[in-house]
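Pasting a structure below so you can have a look.
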Amino acid sequence: MSRDYQKSILGLDEIVGYQGIPGSFSYLALKTKYIDESLNSYQNFEDVFIALKNKEIERGVLPIENSYTGDITDNFDLMKKYNAYIIDIIDLKIDHNLLGVKGSKLDDIKEIYSHIQGFKQSQTFLKERGYKEIPYYNTAISAKYVSEVNDVTKGAIGSAETAKIYNLDILVKNINTHEDNTTRFMVIGDKLIVNKEHNRIMVAFSTYNRSGDLSSVLGEISKDGINMLSIKSRPLKDSPWEYIFFVELEGNYNILKDAIKEIEKKTNYFEVIGSYEK
């Protein structure tokens, strides 16, 4: 269904893309802000960025960090590759459950299907049981597959809502290693949006790769009294041993823009790639 058709026939203002199918954690995250009828699903993360670039969607929702396993680095690389901008942040508490087909018992399960993040976030439980772990595109697709094959020896990792959608039983609740297991999702658009309510900025920059260049940039941030909340580095694909840095700063862009201009002077490449409220 084309974007124009959805807008004209369904009367929707925004079409939002996500990776996975109904029941995936990306789906659950965006459901906190967007209605089901405005959603387009895609098989992988890059497909969401491509859809945004091709104007099939106005927004995309993608995971960027988990409180236990850390950064989902692919999406930082893709954000730079496709010139996307962060316009909002959604934090979603993740509760993993072991799911099985109707009538199955815990002792029946021999194989577990999940996205790799589901395995990482549930390692303590899985190691104790010794299941065969089979990676899949995401947790919802894993649950859908287990439901379709209807084999009592196969299980999936997923949310309680995923179990309802695909008619599965919850065999064990809350198998994630850490109870406070939260994933941060970014809402992306094709342009930077700034308003007075925003209190976070994401910037990307690279240095000239000279001794002291990075510390000079960070020193400028500190000198201007800006609180740096996080810093992540990713290798530049066409320049071995050179890096691009993603830094989250506390504050509103309109208030900090003069200080940001001074920081920019110390870099080889600099761009504000996100403004949002947290």
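The values are calculated or read from the model by the stated rules, or taken from the named source; none is laboratory data. Here the structure is a predicted model, which means the values were calculated and not measured. We place every Cβ from the backbone using ideal geometry, glycine too, and count neighbours over all the protein chains shown.
Mind listing whichever residues of region 145-194 are free of Cβ contacts under 8 Å to residues at least 12 places away in the same chain and either in a loop (DSSP other than H, G, I, E, B) or not assigned by TED's automatic domain parsing to the domain that holds K120 (or both)?
Matches in region 145-194: E179 only.
Still on this structure: Among the residues of region 226-259 satisfying the criterion of being in a loop (DSSP other than H, G, I, E, B) and at pLDDT 90 or above, which is farthest from G70 (Cα to Cα)? Before you say what the answer is, go through the steps one by one.
Filtering region 226-259 down to residues in a loop (DSSP other than H, G, I, E, B) leaves 226-227, 236-242, 251-252.
Restricting the remaining residues to those that are at pLDDT 90 or above gives 226-227, 251-252.
Details: I226: 24, N227: 21, G251: 23, N252: 26 Å.
Taking the candidates together, the pick is N252.
Using the structure shown, decide if K237 is within 26 Å of the chain's Cα centre (by Cα), surrounded by fewer than 18 Cβ atoms within 10 Å (Cβ to Cβ), among the charged types (D, E, K, R) and within 14 Å of D77 (Cα to Cα). If you could, list the steps in order and put the result at the bottom.
Values: within 26 Å of the chain's Cα centre (by Cα): yes; surrounded by fewer than 18 Cβ atoms within 10 Å (Cβ to Cβ): yes; among the charged types (D, E, K, R): yes; within 14 Å of D77 (Cα to Cα): yes.
The answer is yes for K237.
For the subset of region 208-234 comprising residues that are of a type in the set (D, E, K, R) and surrounded by 12 or more Cβ atoms within 10 Å (Cβ to Cβ), which member is nearest to Y276 (Cα to Cα)?
Residues of region 208-234 that are of a type in the set (D, E, K, R), as a first pass: 210, 213, 220, 223-224, 232, 234.
This time we only want the ones that are surrounded by 12 or more Cβ atoms within 10 Å (Cβ to Cβ), so: 213, 220, 224, 232, 234.
Values: D213: 28, E220: 22, D224: 21, K232: 18, R234: 22 Å.
It comes out as K232.
In this structure, is K33 in contact with a helix residue (DSSP H, G or I) (Cβ under 8 Å, 6 or more places away or on another chain), assigned to a loop (DSSP other than H, G, I, E, B), surrounded by fewer than 16 Cβ atoms within 10 Å (Cβ to Cβ) and not assigned by TED's automatic domain parsing to the domain that holds S142? Steps first, answer last, please.
Values: in contact with a helix residue (DSSP H, G or I) (Cβ under 8 Å, 6 or more places away or on another chain): no; assigned to a loop (DSSP other than H, G, I, E, B): yes; surrounded by fewer than 16 Cβ atoms within 10 Å (Cβ to Cβ): yes; not assigned by TED's automatic domain parsing to the domain that holds S142: yes.
So K33 does not fit the description; no.
Let me ask another. Can you spot a residue in region 260-277 that is in a strand (DSSP E or B), under 28 Å from K120 (Cα atoms) and not β-branched (V, I, T)?
So the first thing to find is which residues in region 260-277 are in a strand (DSSP E or B), and the list is 269-276.
If we keep only those that are under 28 Å from K120 (Cα atoms) as well, we get none.
No, there is no match, as no residue in region 260-277 is in a strand (DSSP E or B), under 28 Å from K120 (Cα atoms) and not β-branched (V, I, T).
May I ask you to verify whether T183 is under 22 Å from the mean Cα position of the chain (by Cα), buried (at least 16 other Cβ atoms within 10 Å of the Cβ) and hydroxyl-bearing (S, T, Y)?
yes
Still on this model: Among the polar types (S, T, N, Q) and more than 30 Å from N227 (Cα to Cα), is that true of N167? Before the answer, list the steps.
Numbers: among the polar types (S, T, N, Q): yes; more than 30 Å from N227 (Cα to Cα): yes.
Yes; evaluated as a whole, the condition is true for this residue.
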